[in-house]
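The numbers here are math on the coordinates, done by the rules we state, and not lab data. None of these values were measured; they are calculated from a predicted model. We place every Cβ from the backbone using ideal geometry, glycine too, and count neighbours over all the protein chains shown.
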Amino acid sequence: MTSAERPRVFVVRRLPSAIETKLRERYDVALNATDETYPLDRLVEAAQSFDAIVPTVVDNVPAAVFAARPLRARLVANYGVGFDRIDLAAARAHNVVVTNTPGALTEDTADLAMMLILAAARRTSEGERQLRAGDWAGWRPTHLLGARVNGATLGIVGFGRIGAAVARRAHRGFGMRVLFVNPSTPDAAAVEEASAERCASLDELLASSDIVSLHAPARDGTRRMIDARRLESMRPGAILVNTARGDLVDESALSDALEHGRLGAAGLDVFEREPAVSERLLALPNVVLLPHLGSATTTSREAMGERVLANLDAFFRGVPPPDRVA
């Protein structure tokens, strides 16, 4: 197949070099050399002149992209699991297929969630800041006392691949009691492996957990699910960890709870208005903040790219892509 005959693919962000090389080999591809954030009109132009668009979990693909005239794009191959920034209804209405990359980032994101649980509980971020600032005066019995993780009760909100992987680590590695809520029937083997107990409601889980880790998707029923009322219902001194989606949490209410000592600590890898981070959260000593690093290993990011390639390859061969979501 000549270059002129190959499908045209528009890539919204820089991807790992190994993946970009494979894209060049297989497609007539436009890569983002500067990693700049494209404005909406650039995406609309891409929909008019490319056969496929490859956005990431932080890129908005609204209805205006699918309403482009003429509409050439037939596939949106999302680089990442979450697709809440893509207007799926508009995609369906214009017969555009949407795919994502499930499974590729499960283990690394679960590792990061466990790291945030430990860091928030043991106040490691506070300790490092003191040490770097030259404020450490030496060991003393009451310095930076944290919470014990081993044997604590962990509440998992969303028992999909990542939630189950965190549950397995927590139970097998740290002897934690695992509670969970999930809207659908969870994987029975994963539940058994973590000796996990299903709660009847989110409120029950929050009231029963020392640590709560969020692994739910962002959608109409979950946005700001952790609001002031639910934060108030958590155990005094409890810890909240979010490696899922920033808008699951009302950050203003979370800041209130942390400032007033109702929560002991938080660990956040995602933010409500990402990449903007609340000044109140930045100022709080009892929150560990990371710049959306959940899948940030070479292994995961290349595996995600391979899933994108698999979806592109299948679609343009005329067979159903393996990770279709719309």
Under the Karplus relation with 6.51, -1.76 and 1.60 and θ = phi - 60°, whole-Hz ³J(HN,Hα) for the stretch 91-107, x at Gly and Pro, equal 4, 4, 4, 10, 6, 9, 7, 10, 10, 9, 10, x, x, 5, 10, 4, 5
Length gained if Arg219 through Phe174 is fully extended, taking 0.36 nm per residue and subtracting the Cα-Cα distance, is 13.0 nm
Here, trypsin sites (Lys or Arg not before Pro) of the stretch 131-207 satisfying both criteria (DSSP loop; at most 14 other Cβ within 10 Å) are Arg148
Here the FRET efficiency for Arg72 versus Leu289, based on Cβ atoms and R0 = 30 Å and rounded to 0.05, is 0.15
Mean-square fluctuation maximum in Gaussian network of the chain, Cα pairs under 10 Å, restricted to Leu144, Leu263, Leu31, hits Leu144
With R₀ set to 51 angstrom, the calculated FRET efficiency between the beta-carbons of Arg42 and Thr185, to the nearest 0.05, is 0.75
HN-Hα couplings for the stretch 281-296 via Karplus (6.51, -1.76, 1.60; θ = phi - 60°), in whole Hz with x for Gly/Pro, come out as 5, 4, 7, 7, x, 9, 9, 9, 10, 10, x, 6, 9, x, 9, 7
Restricted to the stretch 106-289, the DSSP antiparallel beta bridge percent, nearest 5, is 5
Among Asn286, Val12, Phe316, the residue whose Cα sits farthest towards the positive end of the charge dipole of the chain, when +1 is placed on the Cβ of each Lys and Arg and -1 on the Cβ of each Asp and Glu, is Phe316
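Helix-derived [θ] at 222 nm for the chain: sum -39500 (n - 2.57) over DSSP H runs of at least 4, divide by residue count, nearest 500?
Calculated from helices alone, the mean residue ellipticity at 222 nm is -11000 deg cm²/dmol.
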In this structure, the FRET efficiency calculated for Arg140 and Arg262 from their beta-carbon separation, with R0 = 25 Å, to the nearest 0.05, is 0.40
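What share of the DSSP beta bridges in the chain is antiparallel, in percent to the nearest 5?
On the way: 2 of 39 bridges.
Here the share of antiparallel DSSP bridges comes out near 5 percent.
Please state the shape class of the stretch 74-212: rounded when a/c is under 1.5, otherwise prolate if a/b exceeds b/c and oblate if not, all from the C-alpha gyration tensor. Present the calculation step by step, with values, prior to reporting the outcome.
On the way: a/c = 2.78, a/b = 1.61, b/c = 1.73.
Oblate is the answer for the stretch 74-212, as a/c is 1.5 or above yet b/c matches or exceeds a/b.
What are the GluC sites (Glu not before Pro) within the stretch 1-93 that DSSP puts in a loop, where the Cβ has at most 16 other Cβ atoms within 10 Å?
Glu5, Glu36
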If unit charges are put on Cβ atoms (+1 for Lys and Arg, -1 for Asp and Glu) and the dipole of the stretch 106-289 is taken about its Cα centre, the option from Val191, Gly267, Leu144 lying farthest towards the positive end turns out to be Leu144
Most fluctuating of Thr243, Thr153, Thr185 in the GNM of the chain (C-alpha, under 10 Å) is Thr185
